[in-house]
Structures are given as structure tokens and as C-alpha cells.
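Take a look at the structure below.
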Amino acid sequence: MNLFQTRRRPLAALSLAWLLAAGLCAAGETPNSPDALTASSGLYVKVQLNAPVKFSKLKAGDVVEGTLARDVYSTDRELFLAGSRVRLVVNSMTKRRRIPNDHWPGVIKLFTPRHEKFPVFKDATISGAGGESALRVSLISSNRQREVTAQTKKKSASQAEAPESGAVEVSPAKRAAPAKKQALPIMVLEAFTTEGEKSNPANGEPAPSSGLSSNAETLPAGTRCKILLLGDVSASKSNPGDRVQGRLLEPVLLNSHVALPAGTLVEGKVVRKTPPRILSRAGALYLTFTGLTLPGGNRVPMAATLTGTELDQRSHTKIDPEGVLHGEHPGKAWMAINLGVTAGVAKEADDAFQIIFEAIVSTATDASTAGTARIISACASGIYMATRHGRDVVLPRFTEMNISLDRPLSVNLTPEPAATQTPGHN
């Protein structure tokens, strides 16, 4: 009887070792290393697709169409209007590493392909009121997105009645995004224009402002700016003090003048971070923005806090009133998967112990080893559950973020004159 049971479960010990190794690998899996920060990126083009598209099924020559989900700016000029038609032709198909997300626990990633088929676009045609314009493009990502905003603190009655001061126009109200924005995938592209297109906006009109302000302007505290993150940041990979860079997506208008043009480089740093920990405790990340560099080269110190960001629809990240990003607690599906794997670990530990013990002790039987096997299986399953890490906080490159000034900011777009030296006398 013992020999029959031993043959019936010949791979139990190997299965237990595989599951434990898989759990440790899943717990230690982290996103790719951050990309090098750069301020020389091209135009940011965000396209709302007209219909759902399965990118892995595309072929060379296929056409993908959509509309611009937001205006495209170059400093103080508006190159393309939101709603303009976009047409892209697939140049070829390639494989790339799948972008990590925090939707499922780490064990699921073991059964998910690490690479995915991805289309390569080289050219795009944008049709608007001013005609058609051709761009050289590179596809960054495509997914369904959701807006994550900071949880607001409860205001007292006196604060609620007080009027808001320092209202600053960040982008024209007429450029409201379509209502279907969240229903269909969004394509994010990096685009580069030719020299002729740089000097002539595609819509044939200047930006809504009357031009750059030549005098010093003071933006009040609470002014909101929309920036584009230029490098990967995460709670698991980043460290306190790491530099963070972003680029202003839309000009900030004050008194009908451009106080901050699009393309202004925003600098910040990681203040503190908490990586995902055992017992399914999620990570946390706190960023602050400390300065900006105007297109003319002027560097201005500032203090700003993160108030919102746009992430993958499957992301489980939230922002507290202080601007700290937190991973959410595991949900029902997350816990159900981990409990199922835990049951498998317990079963394999039970079987493996009985096989090994009965092979060593010839007089041992299932009845004599059952109690000890149950204790060992309970310990193995408990260790597995205790070592599960919580959700990470991941902000990939080209993430849209909203920041708010903590104190007034004085800016002057006129470049400072270079210091002149008086020639010496012999």
C-alpha cells in the first residue's frame, strides 16, 4: 500500500519546490529600471481611437484612425486642435517587453507572456481646419486610462464661503475632451515635426493667448499645471532624493498672456517612498516639485504638490490629500487567487512530507505521518501568504500629472542678459 501511494504521487516534492520558487520570484519581481531623463522629447500626441483595436492582431499596412484627445502645443503656439482627425499606417510588427501593472498578484505574472506583439508606426497624418500635416511618430503606449485625483480635505464653513483667489486659465475651456474618452483605448505617441511645420501651426491660427509676457508675472498659490513625466518612477525602484523631470503640456495663461509656455521643464525629486512589503502591504510614493526651467533658459525655484495623474484603467493607485501616492489594498480577486495558490502549496507540502518520510522510515504509514504532515503544510501555506507583497506604485514615462503651486511663483520669460566683462587696461 505504501509503494502504491508513493508511485501515485511521484512528483509532489518537485511540485512543492517549484511553487515555493515561483512565489519567491513573484514577490521579488519589479518594473524595469527607470529610463534616462531627457528634456529633448518631441511633441506629445494623445489619440482617442474611433473603435477598439487589438494591437497584437494588426499587420503591416493596416490603418488605425482616431481623433486628438487634447491640443498639441509648442511653447506658446497651438499646433493642432483637439478633435482633429488622425490617420496612422502600421509600418511593421515587433515584440516588446510587456509593461508591468499592479492589477493582478505576482503569481499571475508567471503564467503571463513577458513579451507582446506591438505595432510600429513611423508616420501620421493629422487633418484639421488648416489642412493635412504629416508627422514622424513613435508609439509609446496604448491602453484605457482613468483619472486619479487627490482626495480633498473637508473644509470648514468659513473656508467654503470664501471665494477662491488666483484663478488662472491653464487651457481653453472650449477644448473639452469628448465624453467617450474613457470608453475607448488611448494611444500615446511621441511626434516630431519638420522645420516648415514648426514655423506654421497646422490650424493656421496662433495660440489663444496674445503672446508671451515680457514682464515678470506672479502666479498665485493654487495654480494648477499639467505636466508630462519624462522618466519612470516607482515605489519599488526609486530612492529618496532621485531626480524627477516633467514637461509642461499646456501653457498657463495669466491676464490673457502666457505666463508659463508649453515645454517648460519642471524639476522635482522623490521625497520618500515605501516599497511594497510582506503581508500584502502596498507601497507609497511622495514627490515634490522644486523648480522649473523656462524655454529662454531662466531657472526659477518653486514649490508644487502632485494633485492628480492619469493611469492605466487597471491600476490600483490613489492619492491622499497631501499628494502621496498609495497602492490600494488587495481586492477580492487578488485574495482569491492567493488563497487558491496557498491551498495548492499546503497540499503539495502534505504530500511531499509523507513521500519523503515514508521513503526514509520503512515502518511509517499515512496514519502515523498525517498529523505531522498537516502541521508542515499549514506552516508552508502560512509562510507563502505572509511573504506576499502588496501593490506597487508605478508611474511610467509619459504619464500625465497635475501639480498645484504651494506658494506664489514669480516668473519672467525674458532671458537674463549675459554678463559683460570690461576689458582691462594695460
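For region 126-152, filtered to residues that are charged (D, E, K, R) and within 25 Å of the chain's Cα centre (by Cα), the residue that is modelled with the highest pLDDT is ARG136.
A Cβ distance below 7 Å, combined with a sequence gap of six or more or placement on separate chains, defines the contacts here; from region 49-63, residues that are surrounded by 10 or more Cβ atoms within 10 Å (Cβ to Cβ) reach residues that are of a type outside the set (Val, Ile, Thr) and assigned to a loop (DSSP other than H, G, I, E, B) in the pairs LEU49/LEU184; LEU49/PRO185; VAL53/PRO185. Of all residue pairs spaced 6 or more apart or on separate chains, those with beta-carbon atoms under 9 Å, a first member in region 225-238 that is assigned by TED's automatic domain parsing to the domain that holds LEU395 and under 10 Å from GLU400 (Cα atoms) and a second member that is of a type in the set (Phe, Trp, Tyr) and modelled with pLDDT of 95 or more are ILE227/PHE289.
Only strands (runs of 3 or more DSSP E) wholly contained in region 64-107 count here; list those with 3 or more residues that are in contact with a helix residue (DSSP H, G or I) (Cβ under 9 Å, 6 or more places away or on another chain), not assigned by TED's automatic domain parsing to the domain that holds LYS122 and not acidic (Asp, Glu). Ranges flagged: none. Residue count for region 326-336 satisfying the condition of being in a helix (DSSP H, G or I), surrounded by 16 or more Cβ atoms within 10 Å (Cβ to Cβ) and modelled with pLDDT of 80 or more: 0.
The set of residues in region 109-155 that are closer than 27 Å to ARG314 by Cβ and not in a strand (DSSP E or B) comprises LYS109, LEU110, PHE111, THR112, PRO113, ARG114, ARG144, GLN151, THR152. Give region 105-125 a look and list any residue that's at pLDDT 85 or above and of a type in the set (Ser, Thr, Tyr), or say none. Listed by number, the list holds a single entry, THR125.
Listed by position, the strands (runs of 3 or more DSSP E) contained in region 251-308 that have at least 1 residues being among the basic types (Lys, Arg) and surrounded by fewer than 19 Cβ atoms within 10 Å (Cβ to Cβ) are 265-274.
Of all residue pairs spaced 6 or more apart or on separate chains, those with beta-carbon atoms under 7 Å, a first member in region 340-357 that is at negative phi and a second member that is outside any helix (DSSP H, G or I) are ASP351/ARG9; ILE355/ARG9; PHE357/ALA364.
The values are calculated or read from the model by the stated rules, or taken from the named source; none is laboratory data. Computed from a predicted structure; not experimentally measured. A quick note on method: Cβ atoms are made from the backbone with ideal geometry, for glycine too, and the neighbour counts reach across all protein chains shown.
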